[in-house]
Amino acid sequence: MHQTVQAALGINLLHANQAGADDNRSQLDQWGIRCLNLMSSPGAGKTALLEQTLKALASEFKMAVIEGDMTTELDADRLRRYNVPVIAINTGRSCHLDSKMVSGGLYRLSQDYDPHSFDVVLVENVGNLVCPAEFEVGEHAKVALLSVTEGEDKPLKYPLMFQEADCLLVTKIDLAPHLDWDFATLEANVRQINPQVTLIPVSAKTGAGLDLWFDWLRSQINFPPQPTPNPSP
Ligand SMILES: Nc1nc2c(ncn2[C@@H]2O[C@H](COP(=O)(O)OP(=O)(O)O)[C@@H](O)[C@H]2O)c(=O)[nH]1
Ligand SMILES: [Mg+2]
């Protein structure tokens, strides 16, 4: 019985979150903003990738960041150096951002700036390979990052994250020569879980692969808005 209630609560929580995510996406569509949700385990290189992205593309696109961390604004402060709006959200004991938190972040952005002026909002989720994949925040696409130091087996051990991803960035490839890292094994593991995912090896340190990431990002930002489906009868 206890387990049934727990399961029901879990499902209700996810349903409520999904409804909020759909609302966020509608709001973003109305403003003409694309939203990407960046997810990985802690330390895989999300903030380092965002630093390179803001540096390279800030003159091409009007960007904003929603920065999720359990505590501190350390990452938010790293990104503020690039003169883009960074909304910091501290989740406290929660291991992921949810749609309500991101709704609050979007509201804050719209209070301080004209939201119609933005092309893209990049969300850096809390470092965690499990929960962020369960909770949509209203993004148009999901980007997972996996660093070479985490091992090629992670897509098999944490399948939801890799199944949900539209793009998988294999990060810190500058370190690969120092490790027993086999890209072909990683690719085979990923394709088992998600045959369609765009797979891009990158290094925020050397810049390797970043052009391919920027091109993928451009393709997402320039993606024509999809018509809102008719509500089901
Ligand atoms: N060698 C190497 N180190 C990196 C790279 N990207 C990030 N790092 C380092 O990895 C650590 C965690 O990076 P960070 O961006 O904070 O990861 P996050 O927790 O996912 O945001 C930092 O010490 C970074 O300098 C990379 O491409 N190559
Ligand atoms: Mg970070």
Before rounding to the nearest 500, sum -39500 (n - 2.57) across all DSSP H runs of length at least 4 in the chain and divide by the residue total; then give [θ] at 222 nm in deg cm²/dmol. -13000 deg cm²/dmol
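Of the trypsin sites (Lys or Arg not before Pro) in segment 92-198, which ones lie in a loop per DSSP and count no more than 15 other C-beta atoms within 10 Å? Walk me through the intermediate numbers first.
Values: sites: R93, K100, R108, K142, K157, K172, R191; in loops: R93, K172.
Counting only loop positions with at most 15 other Cβ atoms within 10 Å, the trypsin sites (Lys or Arg not before Pro) in segment 92-198 are R93.
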If you bin the C-alpha pair distances of segment 20-221 every 5 Å from 0, what whole percents do you get? 1, 8, 17, 21, 22, 16, 10, 4, 1, 0
Rank the residues L14, L122, L129 as a footprinting-exposure proxy: fewest other Cβ atoms within 10 Å of their Cβ go first. L14, L129, L122
Give me the count of lysine pairs in the chain whose alpha carbons sit under 19 angstrom apart, restricted to pairs 8 or more positions apart or on different chains. 12
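When you count, for each residue, the other Cβ atoms within 10 Å and take the mean per peptide, how do 212-220, 198-206 rank with the highest first?
Details: 212-220: 16.4, 198-206: 18.3.
Sorting 212-220, 198-206 by mean packing, highest first, produces 198-206, 212-220.
Taking K and R as +1 and D and E as -1, what net charge do the other residues with C-beta under 11 Å from the C-beta of D119 add up to?
Numbers: positive: R34, K62, R218; negative: E60.
It works out to a net charge of +2.
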Order of H140, H116 under a 10 Å beta carbon neighbour criterion, fewest first: H116, H140
Which of the GluC sites (Glu not before Pro) found in segment 59-145 are in a DSSP loop and have at most 14 neighbouring Cβ atoms, other than their own, within 10 Å? E60
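None of the figures in this text is laboratory data; all of them are computed from the coordinates on show. Nothing here was measured: the structure is a model prediction, and the numbers come from that model. When we count neighbours, we look across all protein chains shown, and the Cβ atoms used for this are built from the backbone with ideal geometry, even at glycine.
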